[in-house]
Amino acid sequence: MNTIAFFNNEHNVDKTSLIYHVTYMLGELGHRVLMIDLDSQTSLAARFFKIEKLHEIYERDTQDRPTIIRAVQHLNQEKGTPQNPYIHELSDKIGVIAADPELALFEDKFSDSWSRRYSKGFKNTLLFYDVIKEASERFNADYTIVNLSADFSAINRAAFMATKNLILPISANVFSLSNIQNIGNKVNVWQNEKRKLLNYSHYNQKYFNSSNWIGYVFIQHAIRESVPPSPAANWGKRVPFYYQNHFSSLENPSEIPVFLLSTIRHYHGLHIMSTEFRKPIFLLKPADGAIGSHVDAVRLAYKECKTLTENIIKQIDIYTPSDKITI
């Protein structure tokens, strides 16, 4: 099960756009990809679905809503059983399990479950593993992308337990370096707790395979070679060393550059078209308004996103042997 999660608790790193474009590029490269949205902000739903579809999904009663909420509704029932969430098939290569604003209301259920992790009351935290695995197999996905919210919530922690490959999207700003340290420290705590749980025989060890940080994506909001480097550019140069110290399990510091999966430009003007026409930037056509200089930008976006996606696949292949659990 090739699960990929992009995580940063900053809100200005364009994670939504990044996931959207990587999902479509995986499809472009011939892979079947399932995107599971666990962010109750539902920003990705607005990118994937047209307005009419959004009304069709979210105006239904909670009990009948084709979103991730189906997988957790039973937690409010004394003897409820989970339902398989509905997969919206956007094409023969791309499937989406939509987020739900009401997922945030289950935060206490997952938090309480974590407090009982050394007893048999821990099953709620393990729920997402089974949900993701079942949905991935049902869709026959080559890759499953999990969208997490930008926080250290109990729901995110439960999703982390089910995710194998982690990617850090990051932009250069005054908070970037300290944020890398905070994320690294917090996720390491979760990882250590995950390993401790292997000592408790009443849990199936399938739930506790190691999670790997396979690299980071640098989001560059403006690239102009004629402009002198800003202080943000200097912070960006320090990112690899902070990443090495707080995320990497590789021992050779000379291999630091491999952690940078790609640098992605923002493409400000094309983002508006992409959102309006519900298609990735690299698939925009002149009929959508991508004319003049935008034509070259579309081609560059395709090249950058293809490079990023291929590098993600390569890194997953590198880390695949670490499936073996080590304590």
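Between Lys306 and Lys123, the modelled labels are 4.9 nm apart [label points 7 Å from Cα along Cα→Cβ].
How much FRET efficiency would the formula 1/(1 + (r/R0)^6) give for Ser91 and Lys50, where r is the Cβ-Cβ distance and R0 is 22 Å, rounded to 0.05? All intermediate terms of the calculation are to be shown ahead of the outcome.
Details: r = 14 Å, r/R0 = 0.64.
For Ser91 and Lys50, the calculated efficiency is 0.95.
Applying 1/(1 + (r/R0)^6) with R0 = 22 Å to the Cβ-Cβ distance of Asn84 and Lys206 gives a FRET efficiency near 0.75.
Maximal additional length on extending the Val174-Ser111 stretch stands at 19.5 nm, based on 0.36 nm per residue less the C-alpha distance.
Treat the count of other C-beta atoms within 10 Å as a stand-in for reagent exposure and order Thr62, Thr81, Thr23 from fewest to most. Display every interim value, and only then the final one.
On the way: Thr62 13, Thr81 7, Thr23 28.
Exposure proxy ranking, most exposed first: Thr81, Thr62, Thr23.
Here the residues Met35, Met1, Met25, Met273, ranked from fewest to most Cβ neighbours within 10 Å of their Cβ, fall in the order Met1, Met273, Met25, Met35. Taking the chain as a Gaussian network of alpha-carbon nodes connected by springs under 10 Å, the highest mean-square fluctuation of the residues Pro66, Pro286, Pro240 belongs to Pro286.
Label sites at Asn76 and Leu29, each approximated as a point 7 angstrom past Cα along Cα to Cβ, lie 4.0 nm apart.
Seen through its C-alpha gyration tensor, with square-root eigenvalues sorted a ≥ b ≥ c, segment 3-321 comes out oblate because a/c lies at 1.5 or above while a/b is not bigger than b/c. Checking the Cα-Cα distances for Lys79/Lys186; Lys194/Lys306; Lys53/Lys123; Lys50/Lys133 against a 30 Å cut-off, the pairs over it are Lys79/Lys186; Lys194/Lys306; Lys53/Lys123.
With an a/c value of 1.5 or above and a/b larger than b/c for the gyration tensor axes a ≥ b ≥ c computed over the alpha-carbon atoms, segment 102-166 is described as prolate. Charging the Cβ of each Asp and Glu at -1 and of each Lys and Arg at +1, and nothing else, the dipole of segment 3-321 about its Cα centre rounds to 640 debye.
Ordering Lys93, Lys164 from the fewest to the most neighbouring beta carbons within 10 Å gives Lys93, Lys164.
Every number here is computed from the coordinates shown, using simple stated rules; none is lab data. Given the structure is predicted, the values throughout are model-derived calculations rather than measurements. As a convention, Cβ positions derive from the backbone with ideal geometry for all residues, glycine included, and neighbour counts pool all protein chains shown.
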